[in-house]
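Undergrad: Got a structure here, written out as structure tokens. Questions coming.
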Amino acid sequence: MDETISLVLFSGTDDKLQSAAVLTAGAAALGRPVKILLQYWALDAFRADRLKADHGLAPEAGTVGKAAMKAAAANGNAHWSDTMRMAKELGEVDIQACSLSMDTLKLKAEDLDSLVDGVEGVAAFYVNAGEGQIVFI
């Protein structure tokens, strides 16, 4: 099972980033390469100075979702960034910042956390994704 799974992360909310991190870790644990393209608000969440900040939750989470996420963190669930680091240790995980989003947000590569491997455009992302599945979060 070596077909690449590619994730386009657009949302920067903690619940969606946690979901992406779990999907990434699961794929890496199964030996499946993962390619991630960070766009806009997800990219902003990967800034070195904001990685562990509260990025909120998707509106549909509501107060019940907020309470559940808070309880999970209190019970020792890993932060999404720690799960991403673990996934990178488990297998082949490549995280790229979208060059257009970098320009729009006026970011430089050195503004990003070390989880981010580089910067690429959308065309390069599609080429690197190959024939595998692409998931948008």
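The values are calculated or read from the model by the stated rules, or taken from the named source; none is laboratory data. These numbers were taken from a predicted model, which means no experiment stands behind them. As a convention, Cβ positions derive from the backbone with ideal geometry for all residues, glycine included, and neighbour counts pool all protein chains shown.
Undergrad: Can you find, within region 46-105, the residue that is surrounded by the most Cβ atoms within 10 Å (Cβ to Cβ) among those that are within 17 Å of Ile137 (Cα to Cα) and of a type in the set (D, E, K, R)?
TA: So the first thing to find is which residues in region 46-105 are within 17 Å of Ile137 (Cα to Cα), and the list is 46, 55-61, 80-81, 83-84, 93-98, 101.
Those left that are additionally of a type in the set (D, E, K, R): 60, 94.
Numbers: Glu60: 7, Asp94: 17.
It comes out as Asp94.
Undergrad: List the residue pairs whose Cβ atoms are under 8 Å apart, where the first residue sits in region 111-122 and is over 13 Å from Asp49 (Cα atoms), the second is at pLDDT below 95, and the two are 6 or more positions apart or on different chains.
TA: Glu120/Asn128
Undergrad: Sort out which residues of region 15-34 are surrounded by 22 or more Cβ atoms within 10 Å (Cβ to Cβ) and over 17 Å from Asp54 (Cα atoms), and write them in order of number.
TA: Thr24, Ala25, Ala27, Val34 - these are the residues of region 15-34 that are surrounded by 22 or more Cβ atoms within 10 Å (Cβ to Cβ) and over 17 Å from Asp54 (Cα atoms).
Undergrad: Let me ask you something else. Can you say whether Ala129 is out of contact with any His (no Cβ under 7 Å at 6 or more places or on another chain), surrounded by 16 or more Cβ atoms within 10 Å (Cβ to Cβ) and farther than 15 Å from Ala48 by Cα, as far as the supplied structure shows?
TA: yes
Undergrad: While we're on this one: Taking only region 40-67 into account, find how many residues are modelled with pLDDT of 95 or more, of a type in the set (A, V, I, L, M, F, W, C) and part of a loop (DSSP other than H, G, I, E, B).
TA: 3
Undergrad: Looking at the structure I just gave you, is Ser114 exposed (fewer than 13 other Cβ atoms within 10 Å of the Cβ), among the hydroxyl-bearing types (Ser, Thr, Tyr) and closer than 30 Å to Leu30 by Cβ?
TA: Working: exposed (fewer than 13 other Cβ atoms within 10 Å of the Cβ): yes; among the hydroxyl-bearing types (Ser, Thr, Tyr): yes; closer than 30 Å to Leu30 by Cβ: yes.
Considered against the rule, which asks whether it is exposed (fewer than 13 other Cβ atoms within 10 Å of the Cβ), among the hydroxyl-bearing types (Ser, Thr, Tyr) and closer than 30 Å to Leu30 by Cβ, Ser114 comes out as yes.
Undergrad: If you check every pair at least six apart or on different chains, which have Cβ atoms under 8 Å apart with a residue in region 1-16 that is more than 12 Å from Gln133 (Cα to Cα) first and a residue that is modelled with pLDDT of 95 or more and hydroxyl-bearing (Ser, Thr, Tyr) second?
TA: Going by the 8 Å Cβ cut-off, the qualifying pairs are Phe10/Tyr40; Gly12/Tyr40.
Quick grid of which residues meet (1) closer than 17 Å to Leu115 by Cβ; (2) touching a Ser or Thr at 6+ places or on another chain (Cβ under 7 Å); (3) not small (Gly, Ala, Ser):
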{"position": "Gly31", "(1), (2), (3)": "no, no, no"}
{"position": "Ala42", "(1), (2), (3)": "yes, yes, no"}
{"position": "Ala45", "(1), (2), (3)": "yes, no, no"}
{"position": "Leu51", "(1), (2), (3)": "yes, yes, yes"}
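Undergrad: Any residue that is under 21 Å from Val119 (Cβ atoms), more than 13 Å from the chain's Cα centre (by Cα) and at pLDDT 95 or above - is there at least one of those in region 81-97?
TA: Yes, because at least one residue in region 81-97 is under 21 Å from Val119 (Cβ atoms), more than 13 Å from the chain's Cα centre (by Cα) and at pLDDT 95 or above.
Undergrad: Of the residues that make up region 39-60, is at least one touching a residue at least 40 places away in the same chain (Cβ under 8 Å), among the polar types (S, T, N, Q), under 30 Å from Gly130 (Cα atoms) and in contact with a Leu (Cβ under 6 Å, 6 or more places away or on another chain)?
TA: Checked region 39-60: no residue is touching a residue at least 40 places away in the same chain (Cβ under 8 Å), among the polar types (S, T, N, Q), under 30 Å from Gly130 (Cα atoms) and in contact with a Leu (Cβ under 6 Å, 6 or more places away or on another chain).
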